[in-house]
1. Averaged over all directions, how much area does the convex hull of the C-alpha atoms of the stretch 33-107 cover when projected, in nm²?
2. Calculate the all-directions average of the projected area of the stretch 1-153's alpha-carbon convex hull, and give it in nm².
3. Show me, for the stretch 70-77, the HN-Hα J-couplings you get by feeding each phi into the Karplus relation (A = 6.51, B = -1.76, C = 1.60, θ = phi - 60°), rounded to Hz, glycine and proline as x.
4. Counting only residues 5 or more places away or on other chains, whose amide H sits under 5 Å from the amide H of THR47 once H atoms are built in the peptide plane?
Amino acid sequence: MKLFRPRAIPVPDHAALRQIAGWCLQYPDEAVLGKVGLLRACLDETTGPGHDELSRTVAYLEQGDPRELASHYIEVFDRKPRRTLHLSWFLDGDTRRRGETLAALRRFYRTHGFAPAENELPDFLPVILEFAAAAGADAAGQVLARFHPALDLLHRNLSTMDTPYRDAVTAVLATLPATPAPLPAEPPAELVGLDPFPTGAGGGR
C-alpha cells in the first residue's frame with residue numbers, strides 16, 4: 001500500500017482519512033508501526049468528518065506495546081467472524097455467492113487500474129480503503145456504497161467491546177453518505193443476500 005505525504009494546509013479530505021484508516025486497520029506489524037509517525041503527520045494536515053475518531057486510533061498505535069497491540073488485533077478481528085474485516089462475509093456469508101462478489105470486485109479493481117497484493121482478498125477493508133483513496137470519486141463511491149451496510153454491521157459488532165478499532169471504522173463511516181437500510185443481525189444463508197456487485201462496474205461478466 002502506498003502512502004501519501006502531508007500537505008501544508010489542512011483541508012477536508014475523505015481520501016486521506018480513508019487511507020490512514022486503512023493503514024490503522026492492518027495487522028500492527030513492524031511495517032505498519034514503522035509508519036505511525038507519518039500517519040500522524042498526514043492526519044495533522046487533514047481535517048473533516050472522522051478526523052477526531054481516527055486520531056484516537058492513531059494515538060493507540062503510537063502509545064501501545066507492539067506485543068499487546070498484536071494480541072488485541074487478533075482478539076478483535078481473527079477470533080470472531082462477526083468482526084471480520086473481509087466485508088463480503090456480512091453480505092454473503094460463507095456461501096457460493098461470496099465467490100461471485102470477490103470475482104466481480106477483482107474485475108472492478110482491474111478496470112480502474114488497481115491491483116491489490118496477491119496475498120489479500122479484495123474485500124479486505126484496508127484494501128477497499130486503499131482503492132477508495134486512490135480511485136476517482138465515482139469508482140470509490142460505488143465500492144463504498146456496496147459495502148456500506150457491511151461497515152455498519154462491523155461497527156455495530158465492534159461496539160460490543162472496548163477497542164480503539166471501533167473509532168477507525170467510525171471515521172470511515174463519517175466519510176460516507178447517510179446510513180443505508182440495515183442488514184439482518186446475521187449474514188445470509190446459502191445463496192441469500194444483497195444484490196451482487198454491479199455487473200456493469202467490472203466490464204461485464
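Bear in mind these aren't lab numbers, they're just calculated from the coordinates by the rules spelled out. Since we're looking at a predicted model, the values are computed, not measured.
1. One quarter of the hull surface, i.e. the mean projection, equals 7.1 nm².
2. 9.1
3. 5, 4, 5, 4, 4, 4, 6, 9
4. Correct list: VAL11, ASP13.
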